[in-house]
Amino acid sequence: MTKLGELQLETVMDSVIDGIFMTNLQGDILSFNISATQIFGYRKEEVLGKNITFLIPRSEQAKYFKYLHNVTDEKIAQLYRKPCRTGIELLALKKDASEFPLELSISVLPADEVVLCTVRDISERKQADLSIKSYVEHIETIMDTVLDGLITIDMKGVIHGFNTAAENIFGYRARDVIGRNVKMLMPEPYQSEHDSYLNNYHTTGDKKIIGVGREITGRRSSGHLFPLELGVNEMTVQGKTMFVGTVRDISERKAAEIAIDTYIRKLQISNSELDQFAYIASHDLKEPLRGLANNALFLEEDHAGSLGSEGLRRISRIRFLCTRMEKLVDSLLYYSRLGRQDLAIEEVDLNALIDNVAELTLPEETTQSVELLIPSPLPRVTCDKPRVSELFRNLISNAVKYNKCPRKQIEIGVKASMNPHTNVLENRVFYVKDNGIGIDACFFEDVFRIFKRLNEEDDAVRGTGVGLTFVKKIVERHSGHIWVESELGHGSCFNFTLKLGE
């Protein structure tokens, strides 16, 4: 080659981004372009005439010579007159003796007995590959540790990913489903619906089920059908649209729901039968009671002279007990109606309701001894107005009845409070608080039991023991809870929620 030709070749080689150098068949370096000097860290004069092996670690030299032998083999030499397109990856040495990965491609020029080497530093690519591999392994670890099944499909419905949880749910190994259509995991009509969703997305871009959870039926490897919860999200991988389905086997939950529904239906039937029994029994009890009371009255009126004072006292006691018994029967009748009658729901102004209840519950002569406080206006609620009126009437009446203070105080309001039934902080808890005799903590549950009176020995306090039972029933019919806070001798505070209209 002429000097001019060599100069032109060197100029061309120095303009190439990849490192290029030439050696003779013995491996002695004949040329070394600028990119090669930058890759290896040597100046050109430091490498010319040296053998290529000083650029290759001892552990990699066998790999290099095997590649060189394949290229120079007479049987395939003709295939390598042009630069080898496949190349190999191996480690090389920089001037500072540090190793780095490079991609090497060799071509042999038989006429000139020259080996042309093209090299590229792939350190950054290898580091990126390691980062991607680490990231993928991290993602795979997460996917295999989550409890939900994760299934990745492409736009045609072909499965590309199937985590351990999905294997456990469907009974397939990942290798058995990857590459197959996801329809194999579902029966009709969900197979056709799935095709419809994908076709619709292809044509319109409408993401009908993306980000929306729903319940469908899955099919295990055994052919067994089971309920599952499915959520689908879209993602882009290397420019391709993919879908990730999150699946959860809800067989146990569905079985529990069926069991609960069955239990609720049985309980509703039982309660209905009990209410009906209470209604019939209490209705039938009133007839003999009236007969007993009437006969006692006849004895008192017609035979007062022969009965004497003791006889009249006993007759009077019979009539009193008959009256009390009739009140209990009436209360039982009313309690059964509370559970059976539909609520007449409307929006109610509690301030006006309580004004009306107080006017009817507190006689004029008590206004000097009873103080009713409402610290701030009460909200409007959606409720059964007559029932909630009775609720407040019972609580106000009890606050007066079970109070020995000369100046009785009743406070009605709304507050935020922890609900002991749900352990949730409620923002709207209604309360009726008094400064009465209070309730011992051991009776906090008993006060709501029907016909349970805590002051039976106190003749000054008369009642049937059903008022708070009615209150509790009314609150529960409004999907609420009721509880009491009290200390014996220091008043009581009845708290309740009305959830039906919220």
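All of the numbers you see were taken from the coordinates with simple rules; none came from a lab. Please read these numbers as outputs of a predicted model, since none were measured by experiment. Reconstructed Cβ throughout: ideal geometry from the backbone, glycine too, with neighbour counts over all protein chains shown.
So what J values fall out for region 265-272 if you push phi through Karplus, 6.51 cos²θ - 1.76 cosθ + 1.60 with θ = phi - 60°, rounded to Hz, Gly and Pro as x?
Result, rounded to whole Hz: 4, 5, 5, 4, 5, 4, 5, 4.
Which residues' amide hydrogens lie under 5 Å from the amide hydrogen of Asn163, considering only partners 5 or more residues apart or on another chain, with H built in the peptide plane?
Hits under the 5 Å cutoff: Leu150.
Among Cys442, Cys322, which comes first, then next, by fewest other beta-carbon atoms within 10 Å?
Cys442, Cys322
Please list 3J(HN,Hα) in residue order for region 374-384, calculated via the Karplus relation 6.51 cos²θ - 1.76 cosθ + 1.60 where θ = phi - 60°; whole Hz, with x for glycine and proline.
Here the 3J(HN,Hα) series is 10, x, 8, x, 8, x, 7, 10, 9, 7, 8 Hz.
Going down the list Lys126/Lys240; Lys66/Lys95; Lys50/Lys133; Lys44/Lys133; Lys286/Lys408; Lys126/Lys156, which pairs span over 31 Å between their C-alpha atoms?
Lys50/Lys133; Lys44/Lys133; Lys286/Lys408; Lys126/Lys156
Please list 3J(HN,Hα) in residue order for region 287-292, calculated via the Karplus relation 6.51 cos²θ - 1.76 cosθ + 1.60 where θ = phi - 60°; whole Hz, with x for glycine and proline.
5, x, 5, 4, x, 5
Taking all pairs of distinct Cα atoms, average 1/r, flip it, and tell me the Kirkwood hydrodynamic radius of region 363-451 in Å to one decimal place.
15.0 Å
Could you work out the percent of alpha carbon pairs in region 123-170 separated by over 12 Å, rounded to a whole number?
Considering region 123-170, 67 percent of its Cα-Cα pairs are separated by more than 12 Å.
Kindly state, to the nearest 0.05, the FRET efficiency for Glu188 paired with Asp148, given R0 = 30 Å and r defined as their beta-carbon distance.
With R0 = 30 Å, the Cβ-Cβ based efficiency is 0.75.
What is the Cα centroid distance between region 158-187 and region 253-270, reported in whole angstrom?
If you average the Cα positions of each part, the centres end up 34 Å apart.
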